[in-house]
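Chemist: Quick one: the structure is below, and I'll ask about it shortly.
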Amino acid sequence: MDSASLAETFAKRATQLREYIFSQPANNFENNPWAVANAIDEFAETQGRMMIFKKAKLDVAQAQLTAQQPAPHTILEFGTFVGKSAIAWGAILRDIHGQNVPKDVNVYTFELDPQMVSLSRDLIKLAGLQDVVHVLEGPASDSLKKLHADGKVTSVDMAFFDHWEEFYLPDLQLVEDLKLFRLGSLAIADNTDFPGAPDYLKYVKAGGRGVAGSVKYESQSFATESVPGKPSIVEVSTVVAVE
Ligand SMILES: C[S@@+](CC[C@H](N)C(=O)[O-])C[C@H]1O[C@@H](n2cnc3c(N)ncnc32)[C@H](O)[C@@H]1O
């Protein structure tokens, strides 16, 4: 399928997903982020293909975030789509910090497509996460530079890369250049094996730029099997040095 028809398919799916969720009683979902995230998974499983971060991979990321010390406060997500993983990050932060999460606990998620921005914001609101999960429209790098310039993001506990793969490495390096990582920060990336992000993978496996003063990573590929017989990797890179 060419990229224009793929975009058309995903636009149609997004409209169907909106109908699927909002035709159900609101109290199935209100203030219940996991119920919304699970319903998106269920829609994807029963109604057709969606480019969402699958549950088996999310379980890997959740274990990393739950074990992280100090506890995560700020998550950056590159690629919102319909908001499934953004809602899951909000749910995980709520599980860690409690129902009334502190004001300095935030997910910033970046998305180019206005239709996806609108749908994800509506689903985030339904889940009761509107004060925690913020969707920023436009190229991720521009939004991140602005967040930093405005003093809204000064440190990042996890950066999740799930947008177009050619942006993974430049956007990871932008996070580094803005000096947002701390010791123990996580860079988690989907699709490094397929469609593939070879330059990103080579970089994190090599431990980073490899020059004095640069961020250093230890990186591990976790094989998951969301679709039986089709192993798929999630790459988890931990910051082990910042100077
Ligand atoms: C694989 S989907 C994200 C899936 C989402 N993380 C989830 O699991 O629910 C990728 C999304 O990234 C968006 N995207 C691609 N390049 C981008 C960029 N440079 N800045 C912002 N969004 C981008 C696309 O429009 C698309 O909706």
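The values are calculated or read from the model by the stated rules, or taken from the named source; none is laboratory data. These numbers were taken from a predicted model, which means no experiment stands behind them. When we count neighbours, we look across all protein chains shown, and the Cβ atoms used for this are built from the backbone with ideal geometry, even at glycine. The accessibility values were calculated without ligands, DNA or RNA, using every heavy atom of the protein model including side chains. Shrake-Rupley method; radii C 1.70, N 1.55, O 1.52, S 1.80 Å.
Chemist: Which percent of the Cα-Cα distances in the stretch 3-241 go past 25 Å?
Modeler: Values: 10852 of 28441 pairs.
Considering the stretch 3-241, 38 percent of its Cα-Cα pairs are separated by more than 25 Å.
Chemist: How big is the antiparallel share of DSSP beta bridges in the stretch 3-241, given as a percent to the nearest 5? Numbers along the way, then the final one.
Modeler: Numbers: 15 of 34 bridges.
Percent antiparallel among DSSP bridges in the stretch 3-241 is about 45.
Chemist: Can you list the aspartates and glutamates whose alpha carbon is less than 18 Å from that of Lys145, not counting same-chain residues fewer than 8 positions off?
Modeler: In chain and number order, the partners are Glu77, Glu111, Glu137, Asp157, Asp171, Glu176, Asp177.
Chemist: Shifting gears a bit: Would you calculate, for the chain, the mean residue ellipticity at 222 nm contributed by helices, counting each DSSP H stretch of 4 or more residues as -39,500 (n - 2.57) and dividing by all residues, to the nearest 500? Working shown, then result.
Modeler: Numbers: 8 runs with 103 residues, N = 243.
So the helix-based figure for the chain works out to -13500 deg cm²/dmol.
Chemist: Something else: Taking 0.36 nm per residue of sequence separation and subtracting the Cα-Cα distance, how much length would be gained by fully extending the chain between Asp177 and His97, in nm to one decimal?
Modeler: On the way: separation 80, 0.36 × 80 = 28.80 nm, distance 2.90 nm.
Extra length available between Asp177 and His97 comes to 25.9 nm.
Chemist: How many Å² of accessible area per residue for the chain, probe 1.4 Å?
Modeler: Working: 11440 Å² over 243 residues.
Roughly 47 Å² per residue, with all protein chains present.
Chemist: May I ask you to give the percent of accessible area on the chain that is carbon plus sulfur, with a probe radius of 1.4 Å?
Modeler: Percent of accessible area from carbon and sulfur atoms in the chain: 53.
Chemist: Between the stretch 28-78 and the stretch 178-214, what is the separation of their alpha carbon centroids in Å?
Modeler: Taking the Cα centre of the stretch 178-214 as reference, the centre of the stretch 28-78 is 22 Å away.
Chemist: Sticking with this one: Kindly rank 138-151, 20-33 from highest to lowest mean number of other beta carbons found within 10 Å of each residue. Before the final figure, lay out the partial values.
Modeler: On the way: 138-151: 15.4, 20-33: 13.9.
Result, highest mean first: 138-151, 20-33.
Chemist: Which residue, Ser232, Gln115, Ala187, has the largest displacement toward the positive end of the dipole of the stretch 105-243 when charges sit on each Cβ (Lys, Arg +1; Asp, Glu -1)?
Modeler: It is Ala187.
Chemist: What ranking, highest mean first, results for peptides 71-84, 184-197, 44-57 when packing means the other Cβ atoms within 10 Å averaged over each residue? Write down the numbers at each step before the final one.
Modeler: Numbers: 71-84: 24.4, 184-197: 19.7, 44-57: 16.5.
Answer by packing, highest mean first, reads 71-84, 184-197, 44-57.
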